[in-house]
1. Once you average over the residues of A:77-89, how many Cβ atoms of partner chains fall within 10 Å of each Cβ?
2. Once you put a point 7 Å from the Cα of B:Val278 and another 7 Å from the Cα of B:Leu322, both along the Cβ direction, what distance in nm separates them?
3. Per the 1.4 Å probe, what fraction of the accessible area of the range B:95-157, in percent, lies on carbon and sulfur atoms?
4. Grab every C-alpha pair in the range B:451-548, bin the distances at 10 angstrom width from 0 up to the longest one, and report whole percents.
5. Please report, in cubic angstrom per residue, the volume enclosed by the convex hull of the alpha-carbon atoms of the range B:3-382.
6. Assuming 0.36 nm per residue, please report the length gained on full extension of the stretch B:Lys176 to B:Trp196 beyond their Cα-Cα distance.
7. Can you give me the Kirkwood hydrodynamic radius for the range A:58-146, using every pair of distinct Cα atoms, in Å to one decimal?
8. Could you name the aspartates and glutamates in cross-link range of B:Lys397, using Cα to Cα under 15 Å and dropping any fewer than eight places away on the same chain?
Amino acid sequence: MAGKTRPEYPRLESVVIRFPTLERLPPWLRVAVLLLPLLLAVLELLGGLRIRTRIPDPQDLRAAADFLRPKIDPRVRVVAAPSYADPLMREALGDLLSFAQVAPSDLAPFETLYALSLNGHFPAEAPDRLPLVEGVFGRVSVLRWDLGPSPVVVDLVDRLPKARVEWIAPDGTPRRCPWVTTPRYTPGGLSQGPMRPRARFECDRNRPHLYVGETVIEDLHLNPRRAVYQHPPDEGRIRTTFPPIEISRSLVLYAGLYYEHERDGVHGPFELVVRIDGKERGRMVHRDLQGWKRLEIDTSDLEGKRAEISIETFAKDARYRTVGWAATLRKTDVGEAYP
Amino acid sequence: MRPALRDRLVVLALFAGYVAALFFTEPDLGMSRDESFYVHAARSYASYFEAVLDDPSKIFDRETIDRAYQANREHPVLMKNLYALSYLAHQKLGLFPNETVAHRFPAMLVAGALVALVFWVGRAWFGFGVGLFAAVAFATLPRVFYHSHLNCFDVPIVFFVLLTAYAYWRSLTSKKWAVLTGIAYGLALATKHNAWGLPLVFGIHFAWLAAAETARRRRGEPPAIERVPWGIVAMLTLGPLVFFAHWPWIWNDTLERVGWYVRFHLHHDYYNIVYFGVNQFRPPFPVAYPFVMTAFTVPLVILALTLLGIGQRAPAWLPDALRERWVPSARAVRDPACTDVLLFGLFAAPLVIIALPSTPIFGGTKHWMTAYPFMAIYAGVGAALCVEAAARVSLFKEKVAPLCYAVLLAPGFVETAVSHPYGLAHYTFPAGGTPGAAVHGMNRQFWGYTTQQVVPFLEEQLPNGGTIFLCDTTWLAWEMLVEAGRAPANIRPSRSMAGADFILVHHEHHFAEVDFQAWVVTGSPQPAFVSTHEGVPIISVYDNRAANRGARR
């Protein structure tokens, strides 16, 4: 730039450009549009006030829960609506609720569904019909849906302590897994998987994940599922056998994996076989991303007879196969809808 | 009062007012997970400063440097050095009420400076009213207010990005400002990696303005602006030098260590965050995420004003010739700096980057907070239009402006006041508030920062002390609560859930498994206490004492 002087540029301190983009509108409309934010501000203030005045009073929630307490028995499912309030519901009523009631696979074990409803919300589990309103406590209502007689006759998870658990070697040799009640919990926390229960069948002390016991597993959609944890071994299979039980018309089984071990969809499948008196009656091949998968087995030919039921889990590659299953015997036919 | 003096007084008032607001609300805020990592780092870096003060010859001593700066080398250290110096000052002089405040105070000062700078930039670009509105609107964004308390980098990087942007804008006509741009950019690089993309944004802007300037000169008009991007040149030269100079860790094995740092962020882990009920943990992430979260966490009126402001300013993006053809009604004062292009670029770039399906989204709004000062300036433009319209229809034309500004800013004040100390859990009116967001399945918190809110319950239950399982809160975060006198020293963290007297579960979607673990350990799905924000559960506390005694199951 020799021989040239640097040009004097204007100072860039206050660049004000006016673009009346709304100029084509009639003046009254232009002013109205420009005043809209003021209206929105007032609306937002009032809206925020309304949101906060609609927050249920904890006293009302407690009153609704107290009203509901005498109605709760094992055939009752209690939920909160919206579901985010579930911890509040459990804080008020959790002492009356079992894992079977707060972490079921479906509604079949229940004859009544109650919802502690905040501001009239319906729960996702509700049948497609209007509920009975049993009580109103401020902004909390107690809603009831009658589901009809439960088809569930036996819940195999309940019967786990009476079962026999064996690790079946590849050559078919069974080895008993003893029932232990010594605490050997997992540390707990994120990514730790289902909590190992105090009482369980322990198949290998050196591989503490090889146990069979009742726990609550986080399924693919992060829902709680009360289940029998039955991780397949590297070789062979784990078999849980229940002493003779009167068989009903169908056996409905759900199985899945701990969320973090399924969500990537990269692991091999596990298999689960249901035998009645040693004969295979149903088989599930569970692949990642199938979630809490249902298997229905027609047992109507054995209805009324007593027989041993066994459930086996195995996998070609058993790494991260944190399997949980829940099974019930039902007096409904396969495919029959409930409720 | 002279405008210059008035403006400086406003700067001072905004700075002091915001710092005071942060300082006096800070005691309500429990320490978050990431803050505790930076406390650990700051303590470690403090050992370097102490060693150098004792023996200045150790300033370049590799062993001293490596011992101190090994901690938290995934982030540069400008802010952590300030936290370390503040911590040292507290140790030596007892400047602060407790160590937590000592670590947080430098970040609060930067947050105060940021609010003042928003005013300054808004004033420079669009006038006093726009600047002032923008500053207050920005300060009263609930999530900004939360993050402004923390000894992290998310608000400081907003400050340094805005500072660099302002310096770059000034550099378009001043070489002195070009040098300052380089230094400011170096400080931004030294704060957080969000700064990496700035040269690209400025580069696009400069190409735009250079094309416009060339076209003007071809038409025979006199030069209006420099066509050499001295600011960018300084950013690319001085910036790395400042970055290098500020971080003793990279004074040795520079390429290897800088390479590690860069690779860490280019290949960052994907963490969990829930969005409309779906736990997002790997790409592709939803493109709408930053836009929806902005809409759900910023007051509605600010969003509306921002859109109004963008609509009002949009024709200014056009080159002169196109603007004259397409928007002939625009009364334009020529702006050779293409300020509107710069403003829109700085507003949109962070949102667009996060919207890319491969960009991690686990940080919620904090990762695109660098857009918010520019959003606030747009809102200021919209507010000015709105107030002007109100004056037209009002009988009290001169008195209407303060009232209108107050009404437009009121939702932000209210939402921010209500949100505290649950800033990350709080959602605004468009989401239906916090309960609405919970119904939609939006993230309720991260970093385990809400533990302080259950301390009164724990104190009541454990008058003689005991143990707790902390869930997402780190041990050091708990220790900082104890150190600050916000939790009793006789309640200690437990690594084992089963061994703890009480189990905390932070309600963040992917922590559901911890809830279920607590059921199995205690033998009951009943929490003993649930802490809430606007009626939405934030933490469940399970009593494990009976199970520990073997009374259950």
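The values are calculated or read from the model by the stated rules, or taken from the named source; none is laboratory data. Owing to the predicted nature of the structure, the values given are computational and were not obtained by experimental measurement. A quick note on method: Cβ atoms are made from the backbone with ideal geometry, for glycine too, and the neighbour counts reach across all protein chains shown. Side chains included, ligands, DNA and RNA excluded: accessible areas come from the protein's heavy atoms. Shrake-Rupley method; radii C 1.70, N 1.55, O 1.52, S 1.80 Å.
1. Numbers: counts 0, 0, 0, 1, 1, 7, 4, 13, 8, 6, 15, 7, 3.
What the average comes to for A:77-89 is 5.
2. About 3.5 nm separates the two model spin labels.
3. On the way: 690 of 920 Å².
Answer for the range B:95-157 is 75 percent, counting heavy atoms of protein chains only.
4. For the range B:451-548, the binned pair fractions read 17, 53, 28, 2 percent.
5. Values: hull volume 60.1 nm³, N = 380.
So the per-residue hull volume is 158 Å³.
6. Contour length minus Cα-Cα distance gives 4.9 nm.
7. By the Kirkwood definition, the hydrodynamic radius is 12.7 Å.
8. Of all the aspartates and glutamates, those that pass the test against B:Lys397 - Cα under 15 Å, at least 8 places apart if same chain - are B:Glu388.
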